[in-house]
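*Asks:* This structure is in structure tokens; I'll ask about it shortly.
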There are 2 protein chains.
Amino acid sequence: MLTWVNHIALAVPDLEATAARYRDSFAATVSEPQALPEHGVTVAFVAIANTKIELLEPLGENSPISSFLAKNPDGGMHHICYEVPDLLAARDHLKAAGARVLGDGNPKIGAHGKPVLFLHPKDFFGTLIELEEVN
Amino acid sequence: MLTWVNHIALAVPDLEATAARYRDSFAATVSEPQALPEHGVTVAFVAIANTKIELLEPLGENSPISSFLAKNPDGGMHHICYEVPDLLAARDHLKAAGARVLGDGNPKIGAHGKPVLFLHPKDFFGTLIELEEVN
């Protein structure tokens, strides 16, 4: 059911400094930061041919990445997003297998405009997993 | 210079349990565990079309992932490996940009039989980065 790594998300305390570091160190192309206030983050992407590296900086009071950065002040690897063809079927399969879906268990519209769910990292050995419906 | 995400490595305390969880929860294909005593890890891969998810379990007394698992007993996202076409050129560019290469700064043969280097996570906002020469 996991068809593709849509993105790897890195939470960072300073998006501009991170973008500059990737540009200087790797001659990487990094997109302009985009503020997504409804998601509590500012995002930019490091250009890589086969997947996306998503840089996330907290935005506003209740950013979903604030607690991660409180525990990891330097930043760090935050989550992996996999594409699935049918999010509700994936959710029902996961629940039947005993995995916990975060929130109320219903898909939300994610930062890229598609339905997403997050899975409890305790059920996946410390990795926070996002599932995004792409079909 | 970063051409491709070769793999995303997840350090886990129990490779068999993790493989079973990915199989049960996602109907994923996970390769048979392979012991790499010279690298201090046992590895397995979750099959994904566009990159590799590498599951790592410590092997032996001096595993390079033991300290990570001591800090993160549940497991977690350990590193991202990017392919570069010329590892020595990448290293020299990185050093000129002020980034620290781990170890003695010389490429080693990595777990997949190719030359690799690791970069200091403090220089990349908490993300441990491996560079692998693929050309």
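*Asks:* Report the GluC sites (Glu not before Pro) located in segment A:45-135 that are in a DSSP loop and have at most 12 other Cβ atoms inside 10 Å of their Cβ, or state none.
*Replies:* A:61
*Asks:* Let me ask you something else. Express as a percent, rounded to the nearest 5, the fraction of DSSP beta bridges in the protein assembly as shown (both residues included) that run antiparallel.
*Replies:* Taking every DSSP beta bridge with both residues in the protein assembly as shown, the antiparallel ones total about 70 percent.
*Asks:* Hey, in the GNM for chain B with a 10 angstrom Cα cutoff, which one of B:55, B:87, B:102 fluctuates hardest?
*Replies:* B:102
*Asks:* A further question on this structure: What number comes out for the charge environment of residue A:4, summing +1 per Lys or Arg and -1 per Asp or Glu over other residues with Cβ under 11 Å away?
*Replies:* Around residue A:4, the charge tally is -1.
*Asks:* Shifting gears a bit: Tell me the relative contact order for chain A as a rounded percent, counting alpha carbon contacts under 8 Å between residues six or more apart.
*Replies:* 26 percent
*Asks:* Run through the other copies and list how far each one's label point is from that of residue B:74, in nm with one decimal, shortest first; the point sits 7 Å from Cα along Cα-Cβ.
*Replies:* Values, ascending and in nm: 2.1.
*Asks:* Would you calculate a helix-derived [θ] at 222 nm for chain A, using -39,500 (n - 2.57) for each DSSP H run of n ≥ 4 and dividing by the full residue count, to the nearest 500?
*Replies:* The helix-only estimate for chain A comes to -6000 deg cm²/dmol at 222 nm.
*Asks:* Dipole of segment B:13-88, Cα-centred, from +1 at each Lys and Arg C-beta and -1 at each Asp and Glu C-beta, to the nearest 20 debye?
*Replies:* 220 debye
*Asks:* What is the sum of charges, Lys and Arg at +1 and Asp and Glu at -1, for the other residues whose Cβ falls under 13 Å from the Cβ of residue A:112? Intermediate values should be presented prior to the final figure.
*Replies:* On the way: positive: A:52, A:108, A:114; negative: A:38, A:54, A:83, A:130, A:132, A:133.
Within the 13 Å Cβ shell, the charges total -3.
*Asks:* Can you compute the modelled spin-label distance between residue B:134 and residue A:108, with each label point 7 Å from Cα toward Cβ, in nm?
*Replies:* 3.3 nm
*Asks:* Among B:18, B:7, B:42, whose Cα lies farthest out toward the positive end of the dipole of chain B, if unit charges sit on the beta carbon of Lys, Arg (+1) and Asp, Glu (-1)?
*Replies:* Towards the positive end, the residue furthest out is B:7.
*Asks:* In the full protein assembly as shown, how much of residue B:86 is accessible to a 1.4 Å probe, in Å² to the nearest 10?
*Replies:* The value for residue B:86 is about 80 Å².
*Asks:* Moving on to the next point. Please work out which residue of chain A brings its Cβ closest to the axis of the rotation superposing A onto B, and round that distance to whole Å.
*Replies:* Closest to the rotation axis on chain A: A:77, 2.
*Asks:* What net charge do the residues around residue A:69 carry, taking every other residue with its C-beta under 13 Å from that of residue A:69, with Lys and Arg at +1 and Asp and Glu at -1?
*Replies:* -2
*Asks:* For segment B:66-121, which trypsin sites (Lys or Arg not before Pro) are in a loop by DSSP, counting at most 15 other Cβ atoms within 10 Å?
*Replies:* Hits after loop and neighbour filter: B:100.
*Asks:* Using the alpha carbon gyration tensor of the protein assembly as shown, what are the three equivalent-ellipsoid semi-axes (square root of 5 times each eigenvalue), largest first, in whole Å?
*Replies:* Rounded to whole Å, the semi-axes are 28, 24, 17.
*Asks:* Rounded to the nearest 20 Debye, what is the dipole magnitude of segment B:5-133 about its Cα centre when Lys and Arg each give +1 and Asp and Glu each give -1 at the C-beta?
*Replies:* Roughly 300 debye for segment B:5-133.
*Asks:* Given points 7 Å out from each Cα along the Cα-Cβ axis, report the residue A:61 to residue A:3 separation in nanometres with one decimal.
*Replies:* 4.0 nm
*Asks:* Residue A:108 label points, 7 Å along Cα→Cβ, one per copy: pairwise distances from this copy to the rest in nm, shortest first?
*Replies:* Result for residue A:108, in nm, nearest copy first: 4.0.
*Asks:* Please average, across the residues of B:118-127, the number of beta carbons from any other chain that are within 10 Å of each residue's own beta carbon, and give a whole number. Numbers along the way, then the final one.
*Replies:* Details: counts 0, 2, 0, 4, 2, 3, 10, 15, 14, 12.
The shielding value for this peptide is 6.
*Asks:* Continuing with the same structure: What are the ³J(HN,Hα) couplings of segment B:86-101, residue after residue, when phi is run through the Karplus curve with 6.51, -1.76, 1.60 and θ = phi - 60°? Round to Hz, x for glycine and proline.
*Replies:* 9, 5, 5, 5, 4, 4, 5, 5, 4, 5, 5, 7, x, 8, 8, 8
*Asks:* Here's another thing I want to ask about it. Across segment B:102-113, in residue order, what do the Karplus-derived ³J(HN,Hα) couplings come to in whole Hz, using 6.51 cos²θ - 1.76 cosθ + 1.60 with θ = phi - 60° and x for Gly and Pro?
*Replies:* 6, x, 8, x, 9, x, 10, 7, x, 5, 9, x
*Asks:* Just list whichever of A:71/B:95; A:52/B:122; A:108/B:122 have alpha carbons separated by over 25 Å in the model shown.
*Replies:* Check vs 25 Å cut-off fails for A:71/B:95; A:108/B:122.
*Asks:* Further question on the same structure: Between A:53, A:80, A:109, where does the largest GNM mean-square fluctuation fall for chain A, given springs only between Cα atoms within less than 10 Å?
*Replies:* With Cα springs under 10 Å in chain A, the top fluctuation among A:53, A:80, A:109 is at A:109.
*Asks:* Right, next: Evaluated at 4 °C with a viscosity of 1.567 mPa s, what Stokes-Einstein diffusion coefficient in µm²/s does chain A have when Rh comes from the Kirkwood expression over alpha-carbon pairs?
*Replies:* Value of D from the Cα-based Kirkwood radius: 83 µm²/s.
*Asks:* In addition: Tally the DSSP beta bridges in segment A:5-133 and give the antiparallel ones as a percent, rounded to 5. Mind showing how you got there, number by number?
*Replies:* On the way: 24 of 34 bridges.
Here the share of antiparallel DSSP bridges comes out near 70 percent.
*Asks:* Round to a whole angstrom and tell me the spacing of the C-alpha centers of segment A:2-17 and segment A:44-67.
*Replies:* 5 Å
*Asks:* Here is a further query. Report the residues of segment A:115-135 in range of a label on residue A:88: point 7 Å along Cα→C-beta, backbone N strictly under 18 Å from it.
*Replies:* Answer for segment A:115-135: A:115-118, A:131-135.
The values are calculated or read from the model by the stated rules, or taken from the named source; none is laboratory data. What you are looking at is a predicted structure, and each value in this text was computed from that prediction instead of being measured. When we count neighbours, we look across all protein chains shown, and the Cβ atoms used for this are built from the backbone with ideal geometry, even at glycine. We work out accessible area using only protein heavy atoms, side chains counted, and drop any ligands, DNA or RNA first. Shrake-Rupley method; radii C 1.70, N 1.55, O 1.52, S 1.80 Å.
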